[in-house]
Amino acid sequence: MSLDSKAIIAKRIAEELNDGDVVNLGVGIPTLVTSFLGDKQVYLQTENGLLGMGPRPPIDEVDPDIVDAGKSPVTITKGAAFFNSADSFGMIRGGHIDVAILGTLEIDKTGEIANWAVPNQPILGVGGAMDLVAGAKKVIVASLLFSKDGSPKLVDELTYKSSGERKVDLFVSEYAAFTFEKDGIHVIDIYGDLSIEELSKKLNLPLIDKTVQYNA
């Protein structure tokens, strides 16, 4: 089955998760990861106070009181726990989240992200991004590589406001997966229809080939 761009990202990230991981999913593409977990026993956490989040329910089974941090309806898994938002952020700030999967507006060549404010647009709320960037043991970014206007999200320097000094561990796009090392940007997987040389040209950034064969 051929996957669309967002599903390719979600499937690749699901492969990074391990049994027993406590995982926080940001809004947008990160929520699609639940469709590719298979038999993995991971525990999904939301900032609004739920540990044990399940996938979205059928439309006729929606419970308006069970939602994720983006206010989308979700289900709960066996043994799920509810708690208040203060306890939820205590988990995040206390280092109890194994993996945070976040979207982004921009990510720079060192792995620093900006994902909460767009210049000259209203700020609807910072959300938990800054806390997750600082507090999660591992941070993975799930995002399309280019914005709707064609501009790259992977940039030399951030032009949007940073979400924190912490560098992310992995950036997964629909074309390739990147890590950020002292010697530059490493391409560890490539699975889209652009070569590393073509990606480097489109991004106007040098990329280091560290790929292994990967089938999306």
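Remarks
- The residue of region 21-50 that is nearest to LEU105 (Cα to Cα), among those that are part of a loop (DSSP other than H, G, I, E, B) and of a type in the set (S, T, N, Q), is ASN48.
- Taken as a whole, region 19-29 holds no residue that is exposed (fewer than 14 other Cβ atoms within 10 Å of the Cβ) and either among the hydrophobic types (A, V, I, L, M, F, W, C) or closer than 30 Å to SER147 by Cα (or both).
- Matching residues in region 164-190 - criterion: being part of a loop (DSSP other than H, G, I, E, B) and touching a residue at least 60 places away in the same chain (Cβ under 8 Å): VAL168, SER173, GLU174
- Residues located in region 51-76, provided they are of a type in the set (Val, Ile, Thr), buried (at least 16 other Cβ atoms within 10 Å of the Cβ) and assigned to a loop (DSSP other than H, G, I, E, B): ILE66, VAL74
- Looking at ASP209, ASP169, just one residue is acidic (Asp, Glu), surrounded by fewer than 20 Cβ atoms within 10 Å (Cβ to Cβ) and over 20 Å from THR104 (Cα atoms), and that residue is ASP209.
- In this structure, LYS201 does not satisfy being charged (D, E, K, R), touching a strand residue (DSSP E or B) at 6+ places or on another chain (Cβ under 9 Å) and at pLDDT 95 or above.
Quick grid of which residues meet (1) within 30 Å of GLY90 (Cα to Cα); (2) modelled with pLDDT under 95; (3) buried (at least 17 other Cβ atoms within 10 Å of the Cβ); (4) out of contact with any strand residue (DSSP E or B) (no Cβ under 8 Å at 6 or more places or on another chain):
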| position | (1), (2), (3), (4) |
| --- | --- |
| GLU112 | yes, no, yes, yes |
| PRO152 | no, no, yes, no |
| GLU174 | no, no, yes, yes |
| SER195 | no, yes, no, yes |
| GLN213 | no, yes, no, yes |
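- Note on region 77-114: residues that are assigned to a loop (DSSP other than H, G, I, E, B) and of a type in the set (Phe, Trp, Tyr) total 1.
The values are calculated or read from the model by the stated rules, or taken from the named source; none is laboratory data. On a predicted model such as this, the values are computed, not experimentally measured, just so you know. Positions of Cβ are backbone-derived with ideal geometry, glycine not excepted, and every protein chain shown enters the neighbour counts.
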